[in-house]
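Quick notes on the structure that follows.
The values are calculated or read from the model by the stated rules, or taken from the named source; none is laboratory data. Fair warning: this is a prediction, and the values are worked out from it, not measured in the lab. A quick note on method: Cβ atoms are made from the backbone with ideal geometry, for glycine too, and the neighbour counts reach across all protein chains shown. Protein only, heavy atoms only, side chains kept; ligands, DNA and RNA dropped before computing areas. Shrake-Rupley method; radii C 1.70, N 1.55, O 1.52, S 1.80 Å.
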Amino acid sequence: MATFTKTPRPTFSKPIAPDPIARFVALIVAACSRFPWIVLALAILVAIASGYYTATHFAISTNTNEFISEKLQWRQNLIALDKAFPQRDDQIVVVIDGATPELAESAAQSLTERLKRRPDLYQSVMRPEGGPYSIKTAFSFSPLPISSAP
């Protein structure tokens, strides 16, 4: 038959350490060892209070225009440009790439048609490089051949 003895808890005695910081750390460890449930309860309370404070006081902005000061000249120019062309605000830009140009064109056309069917979600849907006009006039914008000098 095995006999088990209960290990005694550490006593809250004066720790022996050479310097004041080591003594302070040893005192804290001894206190935590002597009162583990109080330490656990305090840790839980601190975690809850920290979570509440974080949830109510911290915010993250994903607006990249707020990252850089509006006092800079180029930012003032950008703000003026945005005011002059408000259709540039709140855009979602989609870039489509495919194994072939035909597959990419088909995917872009399909996506455009599906998004246009949802005016409740999207105020306007446009393809700046697609549609009937681009197809009809595509060769008008081809680069000119470079002629060699005589």
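Structure above, values below:
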quantity	calculated
Verdict on Thr54 being within 29 Å of the chain's Cα centre (by Cα) and open to solvent by less than 80 Å² (accessible area, probe 1.4 Å)	yes
Which numbered condition Asn65 misses (of (1) within 30 Å of Asp89 (Cβ to Cβ); (2) more than 25 Å from the chain's Cα centre (by Cα))	(2)
Residue that is surrounded by the most Cβ atoms within 10 Å (Cβ to Cβ), among those in segment 86-116 that are in a loop (DSSP other than H, G, I, E, B) and of a type in the set (A, V, I, L, M, F, W, C)	Ile96
Segment 57-85: number of residues that are at pLDDT below 80, assigned to a helix (DSSP H, G or I) and not β-branched (Val, Ile, Thr)	2
Residues of segment 11-30 classified as in contact with a helix residue (DSSP H, G or I) (Cβ under 8 Å, 6 or more places away or on another chain) and either modelled with pLDDT of 85 or more or surrounded by 13 or more Cβ atoms within 10 Å (Cβ to Cβ) (or both), total	2
